[in-house]
1. From SER350, SER407, SER389, SER382, which residue is out of contact with any Gly (no Cβ under 9 Å at 6 or more places or on another chain) and among the polar types (S, T, N, Q)?
2. Sort out which residues of region 63-94 are more than 30 Å from THR232 (Cβ to Cβ), touching a residue at least 12 places away in the same chain (Cβ under 8 Å) and either open to solvent by 60 Å² or more (accessible area, probe 1.4 Å) or not β-branched (Val, Ile, Thr) (or both), and write them in order of number.
3. Could you tell me which residue of region 111-133 is surrounded by the most Cβ atoms within 10 Å (Cβ to Cβ), considering only residues that are of a type outside the set (A, V, I, L, M, F, W, C) and on the phi < 0 side of the Ramachandran plot?
4. For a quick check of your reading of the model, give me the residue pairs whose first member lies in region 416-428 and is farther than 15 Å from GLY259 by Cβ, whose second is among the polar types (S, T, N, Q) and part of a helix (DSSP H, G or I), with beta-carbon atoms closer than 9 Å and at least 6 apart or on different chains.
5. Residues of region 283-316 being in a loop (DSSP other than H, G, I, E, B) and either without any contact (Cβ under 8 Å) to a residue 24 or more places away in the chain or within 18 Å of the chain's Cα centre (by Cα) (or both), which ones?
6. Restricting to region 350-361, what's the tally of residues that are without any contact (Cβ under 8 Å) to a residue 40 or more places away in the chain and open to solvent by 40 Å² or more (accessible area, probe 1.4 Å)?
7. Is at least one residue of region 166-189 farther than 27 Å from VAL141 by Cβ, surrounded by 16 or more Cβ atoms within 10 Å (Cβ to Cβ), over 23 Å from the mean Cα position of the chain (by Cα) and free of Cβ contacts under 8 Å to residues at least 40 places away in the same chain?
8. Give just the number: which of (1) open to solvent by 20 Å² or more (accessible area, probe 1.4 Å); (2) over 19 Å from PHE152 (Cα atoms) does ALA401 not satisfy?
Amino acid sequence: MSAVAPPTTAVGPQGTEAEKRKAIRRAIGAGSIGNFVEQFDYGLYGYMAPVLAPAFFPQSNQAAAVLSTYAIIAIACLFRPLGGTLVGRWGDRVGRKKTLLWTIVFMGVTTAMIGALPTYQQIGIFAPLLLLFLRVIQGMVSGGEYVGAVAFIVEWAEPKRRGYYASYASNSCFLGILAGAGTAALTSWLFEGPTLDSWGWRIPFLLALPLSAVGIWLRQRIDESPEFIRATEGGAGVVKAPIRDALRTQWRPILTFCGVSVMLAILSYTWVTFYPEYLTGTLGLPRWMALTSNAISVAVLIPLLPLAGTISDRIGRKPMLISGAVACIVLVPLAFWVGEGGTFGAAVASQLIYIIPEFFLTGIVTVCTAELFATRSRFSASAIAYNSSFSIFMGITPFVAALLVSSFDTIYAVWVYLAAAALLALVVVSTFMTETYRTHLGADKFTT
């Protein structure tokens, strides 16, 4: 593959302060739109799982059908390391911009195709197989989308404000989840009963096409990141084998990131995909109340994440991560206890407690996705790390959480699952992690 071309405009280190800020804002928008589309699809699929289940699986056992629908997410996410590694190699070889243009095209098309699939009643076993195939393609592509977008934003950002700017990548994910929740709730309200089950569920998935078109337009308007251009001498000095380089020189930060990010994956995807279904299926809350309470908590968290990023730019990433791990252990069981009140108010209150550890962790893990790795193989190294840990646990957590509650008849079994990951993160951050908030992006953070 050919190396990336130099940027076509002078915006970058040589531009005025106003030009730099404008370019950074455009980079944030271009990078974040793909995360939005990815999480819109993921959140929509998670929230609509009980509706999708009878469409793609036999209706004789609803619980088994819902578990199977979640299992498709888990299986698809197992392919994210492979896809993310391939996409990451491309990103380090031909550049961030060109790679991110293709990922958003694939995500939009495959999500829309889900809305056009025939059902189990129409083609039998081929229906879930086709659904699995599309989600595997999505998983492989999105395995490189998020880390590439974060790298792109961080490489454009001012060095002392990387945490703040990276928080917008996190926000785009939650905005996507919020949009997915809102769309699922609106769809459930507009198309109740047989209409929702027969064809109403298809409409939200088709919305991915116009969203992706907006993303393509935004990404075409921004240049390659100045940091990538600098590190590769205008694209002429790219690493020829970035995957091999990442595994040889970046294996310590890869393992460190894995040890930290599993905690956030379990925390986040228990909350945004499993908990609304628990409120409905186990506690008997109406579906629209469960989805609305979840949307309220997401909406509260979104404006707080830039504050968390700013704090981490002042005090460092490690103190924030340690605080978040402790909050996982202490506050999550309290949140579950409050939610057992079984009312709309209890559901909202429980999730407002739940977002406290999210505040400390989400944006910080996001910026570490880029900061832990050197520029020359950042895309490949972060894709390997992110998809070997976060993506896999993101995918299996709704299934594991449902299985734990079904097996032990208590949601506190899910807390034990999370607490084990939080304890691992505490050990890794305290013992092995190098502080990254004032380091140079191009440098190795660990000696090998």
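The values are calculated or read from the model by the stated rules, or taken from the named source; none is laboratory data. None of the values given here were measured: they were computed from a predicted structure. Positions of Cβ are backbone-derived with ideal geometry, glycine not excepted, and every protein chain shown enters the neighbour counts. To get the accessible areas, we keep the full protein, side chains included, count just its heavy atoms, and leave off ligands, DNA and RNA. Shrake-Rupley method; radii C 1.70, N 1.55, O 1.52, S 1.80 Å.
1. Numbers: SER350 fails: out of contact with any Gly (no Cβ under 9 Å at 6 or more places or on another chain); SER389 fails: out of contact with any Gly (no Cβ under 9 Å at 6 or more places or on another chain); SER382 fails: out of contact with any Gly (no Cβ under 9 Å at 6 or more places or on another chain).
Result: SER407 is the single residue among SER350, SER407, SER389, SER382 that is out of contact with any Gly (no Cβ under 9 Å at 6 or more places or on another chain) and among the polar types (S, T, N, Q).
2. Just the residues of region 63-94 that are more than 30 Å from THR232 (Cβ to Cβ), to begin with: 63-78.
Those left that are additionally touching a residue at least 12 places away in the same chain (Cβ under 8 Å): 63, 65-78.
Hits for region 63-94 are ALA63, ALA65, LEU67, SER68, TYR70, ALA71, ALA74, ILE75, ALA76, CYS77, LEU78.
3. Here the answer is THR111.
4. Listed pairs, sorted by first residue: TYR417/THR270; TYR417/THR397.
5. PRO286
6. The number of residues fulfilling the criteria is 1.
7. No: zero hits.
8. (1)
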